[in-house]
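Shown next, in structure tokens, is the structure this report addresses.
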Amino acid sequence: MSKYELTNRVVAITGSTGGLGSAVAAALRAKGAHLAVFDLDVAKAEAQARTLGGLSLARGWAADVRSMQSLEAAMAKAAAHFGHIDVVVANAGIDTMAPMATLDPEAFERVIDINLTGVWRTFRAGLPYVRERQGYLMGISSMAAFVHSPLQASYTSSKAGVWALCDSVRLEVRHLGVGVGSVHPTFFPTPMMDDVVADPAGRALWGGNGKGLWKMVPREDVVRDIVAGIERRADMVVVPKRNTLIAKAPGLFRGFIERVGFRGKNIQHAIELASPTGWNAPAKAQGDRSGNGDGSMSGTGRSGVE
């Protein structure tokens with residue numbers, strides 16, 4: 001595949017003022033991309049945009065990945081300002097460090113809502129624009145998608161979910177010429193990792209992340225490989241590359257299953273038949289799926305968001 005040149009591409013990135021987001025935004029700007037930077041704090045996003053070159057090259061907007069309306073508004077403003085959006089990077093994320101028995105349920109739900117559902121919302125809001133450009137969607141996952149540590153059930157499940165989400169959505173949009181990829185770095189320096197290292201529970205688990213199996217890699221390596229992944233429109237980016245076998249082992253047969261079990265015409269036909277509510281079943285069947293504490297699914301598949 002030829003290199004996906006980033007010069008004059010418009011890249012929208014959520015969580016842009018964080019440790020990874022700010023570094024990726026700067027690296028993309030150095031490649032000639034124009035940046036739509038999204039953050040909860042609009043003042044921070046606007047200040048970041050100024051450091052990236054000003055309104056013609058970068059602009060900041062407020063965006064909350066827990067709100068579909070907020071993301072749709074931010075994407076629309078970015079597309080109107082720059083004329084289009086080529087790439088969307090769903091980068092916003094948080095973590096927790098506590099066992100299930102003591103973790104506040106609201107903390108678990110917040111991590112899932114930001115790290116997983118937030119990626120879905122970001123992709124959903126950006127897809128109409130990326131589709132027009134046959135562009136690329138990237139979700140920031142983690143090696144935690146494959147290595148499931150204790151005291152981090154919210155984080156590991158959310159990152160495994162991002163990996164699965166990217167694989168599923170890729171099948172849905174490949175006939176549109178849109179690429180989708182997930183990024184899986186090991187530990188690297190960020191403000192979030194500062195919290196992990198400072199947390200007594202984190203130090204007990206990871207030993208300070210200074211050596212051995214859990215040693216951090218330089219942030220520059222992660223940023224470099226993310227940018228290279230966008231240029232390759234990669235399905236998966238693993239950092240460092242020596243972890244690739246660990247990352248790919250769970251999906252060893254994914255390519256075969258996708259080719260044999262999910263043929264392109266069948267997927268497109270299913271998309272045409274799908275209902276926006278998530279179900280096209282008769283009313284009685286939807287009622288049967290409404291869920292009465294027996295593990296069955298909701299008939300609408302929808303719930304409120306902040």
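For the residues A125, A153, A144, A98, the requirement of being more than 24 Å from K265 (Cα to Cα) and touching an Asp or Glu at 6+ places or on another chain (Cβ under 7 Å) singles out A125. Quick one: in the range 97-155, of everything that is without any contact (Cβ under 8 Å) to a residue 24 or more places away in the chain and under 21 Å from T186 (Cα atoms), which residue is surrounded by the fewest Cβ atoms within 10 Å (Cβ to Cβ)? Among them, the one singled out is H148. Note on the range 1-32: residues that are of a type outside the set (K, R) and part of a loop (DSSP other than H, G, I, E, B) amount to 13.
When each of K44, K3 is tested for being in contact (Cβ under 8 Å) with a residue 40 or more places away in the chain and either surrounded by fewer than 24 Cβ atoms within 10 Å (Cβ to Cβ) or assigned by TED's automatic domain parsing to the domain that holds S182 (or both), the lone residue that passes is K3.
Residues considered: A80, A73. Of these, the only one that is of a type outside the set (F, W, Y), under 19 Å from the mean Cα position of the chain (by Cα), part of a helix (DSSP H, G or I) and under 16 Å from G126 (Cβ atoms) is A73. Criterion applied to V196, V119 was being part of a helix (DSSP H, G or I) and in contact with a strand residue (DSSP E or B) (Cβ under 9 Å, 6 or more places away or on another chain), and the one residue passing it is V119.
The values are calculated or read from the model by the stated rules, or taken from the named source; none is laboratory data. Keep in mind that this is a model prediction, so the values were computed, not measured. Note that each Cβ is placed from the backbone with ideal geometry, even for glycine, and that neighbours are counted across all protein chains shown.
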